[in-house]
Number of protein chains: 2
Amino acid sequence: MTKTASAPGSTGDPLPSWNEGPAKAAILRFVKLATDEESPEVVPPAERVAVFDNDGTLWPENPAPFQFAFIVDELRRHLADEPRLAQDPMVQAALAGDLGTLMAGDRHDGLMRVAALTHAGMTTDTFRTSVEAWLATARHTRYGKPYDQLTYQPMQELLRYLTCSGFKNFIVSGGGADFMRIWVERVYGIPPERVVGSTARTTFELRADGPVLVKTLDHVFVNDNDGKPVGIHQFIGSRPIACFGNSDGDQAMLRYATINNPRPSFGLIVHHTDAEREYAYDAKPLSTGLLVDALAEAAERGWTVVSMKDDWKTIFPLAPK
Amino acid sequence: MTKTASAPGSTGDPLPSWNEGPAKAAILRFVKLATDEESPEVVPPAERVAVFDNDGTLWPENPAPFQFAFIVDELRRHLADEPRLAQDPMVQAALAGDLGTLMAGDRHDGLMRVAALTHAGMTTDTFRTSVEAWLATARHTRYGKPYDQLTYQPMQELLRYLTCSGFKNFIVSGGGADFMRIWVERVYGIPPERVVGSTARTTFELRADGPVLVKTLDHVFVNDNDGKPVGIHQFIGSRPIACFGNSDGDQAMLRYATINNPRPSFGLIVHHTDAEREYAYDAKPLSTGLLVDALAEAAERGWTVVSMKDDWKTIFPLAPK
């Protein structure tokens, strides 16, 4: 839990940063239904599994996903030692912020190339050190703050409300599991083993100074779109009853959680409608975050659509004192 | 937690089924070191990760791993509908209990063949139903009891003792994650998301009656030997400080947990020395469970070796009333 997340008391409003309205009411109604011992539909705590997308749902994904900002900063750092890297067209695309070129093709060869330079060939300990150093020094271009201070305050309250209501919260994100697990417990109160993300296989080596795991890009698993329910089954092994996302990449897991679920279930889409305080996009995102099909399906499925502009009193937590 | 596991009180003996001796003393000493707030080496609860092999460590793997007994029983069931299966040489090997033929070759083609017949091509819900039906009806050939009543009582006490001491227990087994997750919470008090096992990728389908995940044998990950530390990193994301195994297949994760770990760490090997009450083997197991290299390394690494005959007062829990 961040130090700035307000702790909802059992008698007070658990969601103080949410305006009164249909979205907040739907959340409160679902949690009561699933947890009220008097409710005929009460869900046993072991089955209270809630899954949260990360980029665009718990923190921004503009002007680019934060992990992409990490990649770019890491490439700059490597360039100081290996200036020849500047000749690599995919490094050039990354430095230019040209996600389109990197994501081209079914296998996203460009993104894999820059991921290989920044996410493979080192031990997991070395990778951890580089992520921690980056988080401590990097600042978001628009907000000028460390990236991990830019989580959405209303979603922090929701995470805490669900935890206090006996839910187990999981991150289910297209981002790298190794990247997220380093800071999720500190930032969201979610332990590293409750992170489902994109992964590749490490290799185990017993070196003179001890055992290490070396990161590779072998057996890449992309935890997005249909990969999300697949990842949920592979890593969690239970069907969620609550699912929170913001883009078409979350549509499959929203369906998995909510369609014909024998338990009460809940789907929610964070709609980026606030250009003033954050960003406004759906069909035409600046980077990732396309939201068209899932938004069209929301009414039919009964998914709650949150308007950041209308439903959220504040977007970000207050800076730590 | 099984109903039969005795609950250790905070003042009583947490390991009543363990004889007094070096193994029990080593466990108690380690837990005190890692959890005593006055200890300079106290480990924060978030890092108290304990990993347990399953077959041969928490329950027997003789005369064959229990999941193999499930495969054989499932093949028999399928034969009633598809008698032509009896012509398949690998089905014949399985029905004859010939694990050697099934495990031959680097890729264990025989085992993959019978796994495909019993673990793939159906939805995860159908698979769950078949495992639950099998557990309810199948009986161990020697003990005549349901397989899930054959867990080791001393290890049940150890699981509970670690949980009460703020540890997070995980299963890290070569068995199938889907197979284990169905019963681990009921049998060991370990929730399904804390199971690291062998996996394959499912495919997601939205059918007329709702979303399903179909089991395949694509992208098989075998969680054994060096695969165990790899699986621990991929699924848990933290380095364990305590590791419990019984065979050379656990050697890599014992090394990962204990060699040059900056935290206090603990490794333990269950040595099957009790032919009368259970089985006696190491270099010549009846099926799986070869224990030679890890046993030879135990003294050098300070791993505790448990003699089931000498260290355990009882092997199995009392039958439920």
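The values are calculated or read from the model by the stated rules, or taken from the named source; none is laboratory data. Note that the structure is a prediction, hence the values are computed from the model and not measured. Cβ atoms come from the backbone with ideal geometry, glycine included; neighbour counts cover every protein chain shown. Only protein heavy atoms, including side chains, enter the accessible area calculation; ligands, DNA and RNA are left aside. Shrake-Rupley method; radii C 1.70, N 1.55, O 1.52, S 1.80 Å.
Some values worked out for this structure:
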| read-out | value |
| --- | --- |
| Position residue A:42, label points 7 Å along Cα→Cβ, spacing to each other copy in nm (shortest first, one decimal) | 3.6 |
| Within a Gaussian network of chain A (alpha carbon springs, distance under 10 Å), most fluctuating of A:311, A:55, A:209 | A:209 |
| Angle in degrees between helix B:153-164 and the longest Cα principal axis of chain B, rounded to the nearest 10 | 70 degrees |
| Top positive-direction residue, dipole computed over the range B:96-204 with Cβ charges, set B:130, B:195, B:177 | B:195 |
| Residue B:137-residue A:25 pseudo-label distance in nm [points 7 Å out on the Cα-to-Cβ vector] | 5.1 nm |
| List of the range A:206-224 residues, accessible area with partners at least 40 Å² below that of the chain alone (1.4 Å probe) | A:206, A:211, A:213 |
| Distribution of pairwise C-alpha distances over the range B:55-99, 5 Å bins, in % | 6, 22, 28, 19, 13, 8, 4, 1 |
| Of A:74, A:38, A:157, the one that fluctuates the most in a GNM where chain A has Cα springs shorter than 10 Å | A:38 |
| Qualifying aspartates and glutamates (Cα of each under 16 Å from Cα of residue A:313; at least 8 residues distant if same chain) | A:13, A:20, A:157, A:274, A:276, A:278 |
| Karplus (6.51, -1.76, 1.60) ³J(HN,Hα), θ = phi - 60°, over the range A:82-94, in Hz, Gly and Pro reported as x | 10, x, 5, 4, 5, 6, 6, x, 6, 5, 4, 4, 5 |
| Teacher prompt: residue A:132 distances to equivalent labels in other copies, 7 Å Cα→Cβ, nm | 4.4 |
| Length released on extending from residue B:307 to residue B:84, taking residue separation times 0.36 nm less the Cα-Cα span | 75.7 nm |
| Helix A:22-35 axis, angle to chain A major axis (alpha carbon atoms, nearest 10°) | 80 degrees |
| Accessible area in square angstrom per residue, the range B:188-234, 1.4 angstrom probe | 34 Å² |
| Dipole of chain A, positive end: most advanced residue of A:206, A:30, A:57 [Cβ charges, Cα centre] | A:206 |
| The range A:143-262: relative contact order in percent, alpha carbon pairs under 8 Å with at least 6 residues between | 17 percent |
| Residues of the range B:78-150: accessible area per residue with a 1.4 Å probe, Å² | 55 Å² |
| Electrostatic dipole magnitude of the protein assembly as shown [Cβ: Lys, Arg +1; Asp, Glu -1; Cα centre; debye, to 20] | 820 debye |
| The range A:18-97 - charge dipole about Cα centre, Lys and Arg +1 at Cβ, Asp and Glu -1, debye rounded to 20 | 220 debye |
| Inter-label distance for residue A:207 and residue A:32, nm, one decimal - labels placed 7 Å from Cα along Cα-to-Cβ | 5.7 nm |
| Interface size B-A, as summed buried accessible area [1.4 Å probe, Å², nearest 100] | 3400 Å² |
| Extension reserve of the residue A:276-residue A:96 stretch, reckoned as 0.36 nm per residue once the Cα distance is removed | 62.3 nm |
| Above-threshold pairs, the threshold being 29 Å between Cα atoms, out of B:32/B:309; A:145/B:168; A:215/B:32; A:215/B:168 | A:145/B:168; A:215/B:32 |
| Calculated label separations, residue A:87, copies of the chain, 7 Å along the beta-carbon direction, nm | 6.1 |
| Separation of the residue B:283 and residue A:165 label points, Cα + 7 Å toward Cβ, nm | 6.1 nm |
| Nearest-ten-degree value, helix A:124-137 long axis tilted from longest Cα axis of chain A | 70 degrees |
| Cα centroid separation - the range A:30-76 against the range B:220-277, whole Å | 31 Å |
| Sulfur and carbon atoms: percent of accessible area, chain B [1.4 Å] | 53 percent |
| Mean separation of Cα contacts under 8 Å, 6 or more apart, over the residue count of the range A:203-321: relative contact order % | 19 percent |
| Heavy-atom accessible area ranking, 1.4 Å probe, most first, across B:316, B:52 | B:316, B:52 |
| Environment charge at residue B:230 (Cβ cut-off 14 Å; Lys +1, Arg +1, Asp -1, Glu -1) | -1 |
| Listing of the range B:182-199 residues, each with accessible area lower by at least 50 Å² in the full protein assembly than in the chain alone (probe 1.4 Å) | B:193 |
| Cα-centred dipole magnitude for chain B, charges only on beta-carbon of K, R (+1) and D, E (-1), debye, nearest 20 | 560 debye |
| Global geometry of the range A:261-321, whether rounded, prolate or oblate, following the gyration tensor of its Cα atoms and the 1.5 cut on a/c | oblate |
| In order through the range A:270-282: 3J(HN,Hα) via Karplus (6.51 cos²θ - 1.76 cosθ + 1.60), integer Hz, x for Gly, Pro | 7, 9, 7, 10, 10, 5, 6, 8, 9, 9, 10, 6, 8 |
| Over chain A, relative contact order from alpha-carbon pairs under 8 Å, at least 6 apart, % | 25 percent |
| Top of B:65, B:229, B:83 by mean-square fluctuation, Gaussian network on chain B, Cα under 10 Å | B:83 |
| Shape of the protein assembly as shown, Cα gyration tensor, a/c cut at 1.5 | prolate |
